[in-house]
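Just below is one structure, and these are the notes that go with it.
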Ligand code: GLY
């Protein structure tokens with residue numbers, strides 16, 4: 001390993017002569033790094049799914065950047081060091097609050113290509129072909145991430161080339177991979193072989209192991225085109241040509257026009273009150289903000305603190321709120337440019353009180369009796385929480401949808417394409433890869449954004465920064481954010497506990513409660529007695545939290561992954 005470091009430092013010194021004050025080789029060593037799960041910082045903090053990405057975000061702020069600079073640099077670094085979900089071939093949402101209180105919601109969600117159509121994943125007998133919406137070229141929506149980064153740039157301070165250079169260096173000279181990454185790459189090898197015809201950096205003859213160096217030369221070249229030509233370095237020219245050529249190799253439908261026409265949308269944030277705190281979250285095309293508002297407001301009039309953390313009474317109430325909110329998701333939510341989402345009604349006190357009218361604290365309400373209210377008027381995603389010394393808050397959730405997205409790498413360009421088309425309702429009532437069902441509101445249409453569950457959120461206390469929070473996890477995202485906020489506000493937990501305590505999830509259909517393996521056995525048994533079907537499942541969410549208090553930033557990175565905090 002020593003030899004590798006030495007030769008890397010030699011390379012890094014070449015980089016030094018080209019770029020003033022390089023981060024890679026100076027403050028961030030891609031060959032030696034550790035996870036930092038919980039830490040208190042004085043001025044700035046970044047929490048993300050990978051130690052190197054968090055460290056790069058913190059180092060960018062040391063160089064004079066703010067939270068928005070860090071947001072750009074951290075996302076780009078994640079696209080290199082966390083290929084399972086970090087991306088330039090996917091999309092995301094950025095929610096920001098500037099130090100002066102201005103709120104920003106950037107929607108760079110993927111879009112359905114112009115050649116897509118409502119029934120494109122149905123066979124001639126009308127059966128849904130989820131293999132096509134979940135894997136390979138046809139599963140990809142038009143990527144939004146690079147457009148989103150350039151839409152973030154006006155809020156940042158440093159030149160873009162300084163923000164992208166760490167990612168270029170990581171791709172060009174490599175970094176050592178973690179045990180988890182090695183395992184994930186090995187587990188995905190068959191899918192990579194199946195959905196690629198060109199050679200790709202993620203496949204090698206032997207198995208990956210912790211400490212191996214992953215070099216991504218083609219990705220480095222793509223990032224350089226973006227550095228030199230801006231968004232056009234992705235949406236036009238050589239990168240666009242490579243994407244279209246890849247589409248042609250695998251019957252995909254994304255065209256040059258789709259790429260050229262992609263734009264990020266500015267959205268109006270959702271904001272509501274919960275027990276005196278102001279919660280700010282993301283509006284449609286995410287369902288996340290509305291679900292979070294519905295669930296918090298449905299439980300608000302009950303004394304959760306008195307019930308006790310994960311008591312039968314407390315969990316049962318929260319499950320019933322989750323059930324009702326997700327029933328509304330299936331019926332009412334979709335891209336607001338194509339479907340009138342009754343946001344105001346869905347979040348109103350009167351409506352939510354009606355939704356809880358049939359709530360019975362002694363037993364489960366079967367989902368078959370819970371329909372959407374009358375409101376007429378995947379599991380790899382990744383989250384970054386950032387705070388800077390000026391008080392700017394940034395919460396970003398970004399995604400390829402499933403782990404390693406469509407499994408298709410753009411030949412010659414070195415990045416994975418998303419499989420976000422599966423987030424549409426490909427046929428009414430047919431569950432997507434997260435088991436979520438939908439209908440007309442989220443049907444496929446050319447140019448439409450598929451409904452998301454991503455819930456990047458901010459919490460203010462007395463109108464001042466209090467929490468930056470979010471998580472990956474497909475449809476479990478809103479429930480994980482819901483439970484993390486309740487853990488902190490109602491149960492007074494530290495960010496570390498709030499993030500790491502076991503979680504549960506109900507999404508209306510299927511009518512089952514999912515719990516992590518460490519969920520309290522007595523509570524589980526108590527709920528079973530009340531008629532709930534309880535199912536153990538793998539980890540739920542990977543929450544990243546920054547809590548502000550006493551002039552300090554308490555950062556907590558979820559123990560469920562390689563997640564890590566950095567700051568100073
Ligand atoms: N692909 C996961 C989500 O957007 O909800």
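Every number here is computed from the coordinates shown, using simple stated rules; none is lab data. Fair warning: this is a prediction, and the values are worked out from it, not measured in the lab. Every residue, glycine among them, receives a Cβ derived from its backbone with ideal geometry; neighbour counts consider all protein chains shown.
Structure above, values below:
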item	result
Residue exposure sequence - 324, 249 - by fewest surrounding Cβ within 10 Å	249, 324
Mean residue ellipticity (222 nm) of the chain, computed from DSSP H runs ≥ 4 via -39,500 (n - 2.57), nearest 500	-10500 deg cm²/dmol
Relative contact order (%) - the stretch 420-474, alpha-carbon pairs under 8 angstrom, separation at least six	25 percent
When the stretch 286-422 is reduced to its Cα atoms, the Kirkwood hydrodynamic radius in Å	17.7 Å
Using alpha carbons only: equivalent-ellipsoid semi-axes of the stretch 404-501, gyration tensor based, whole Å	32, 18, 13
Sorted by Cβ density within 10 Å, fewest first, the residues 257, 536, 39	536, 257, 39
Highest to lowest packing among 403-410, 171-178, scored as the average C-beta count within 10 Å	403-410, 171-178
Per-selection metrics, the stretch 355-458 (Cα): Rg and Dmax in Å	18.5, 59
Sorted by Cβ density within 10 Å, fewest first, the residues 450, 530, 247	530, 247, 450
Set of the stretch 211-248 residues, backbone N closer than 19 Å to the point 7 Å along the Cα-Cβ line of residue 186	211-215
DSSP beta bridges in the chain [antiparallel fraction, %, rounded to 5]	90 percent
FRET efficiency estimate (nearest 0.05) - Cβ-Cβ, residue 357 to residue 198, R0 60 angstrom	0.55
Length-normalised contact order of the stretch 448-516 in % [C-alpha pairs under 8 Å, at least 6 apart]	21 percent
Ellipsoid semi-axes in whole angstrom, largest first, where each is sqrt(5λ) of the Cα gyration tensor of the stretch 35-76	15, 13, 7
Per residue, the convex hull volume that the Cα atoms of the stretch 450-563 enclose (Å³)	123 Å³
Rg [Å, one decimal], Dmax [Å, integer] - the stretch 211-266, C-alpha atoms	13.3, 41
Column: log10 I(q)/I(0), Debye, Cα scatterers of the stretch 69-182, q = 0.11, 0.23 Å⁻¹	-0.50, -1.25
Distance between modelled label sites at residue 245 and residue 518, nm, 7 Å Cα→Cβ extension	4.8 nm
Relative contact order %, the stretch 112-233, counting alpha carbon pairs below 8 Å whose residues are six or more apart	28 percent
Convex hull volume per residue in cubic angstrom - Cα atoms of the chain	135 Å³
Convex hull volume per residue for the stretch 155-274, taking Cα atoms only, in Å³	199 Å³
For the stretch 245-327, projected area of the alpha-carbon convex hull averaged over all directions, nm²	9.0 nm²
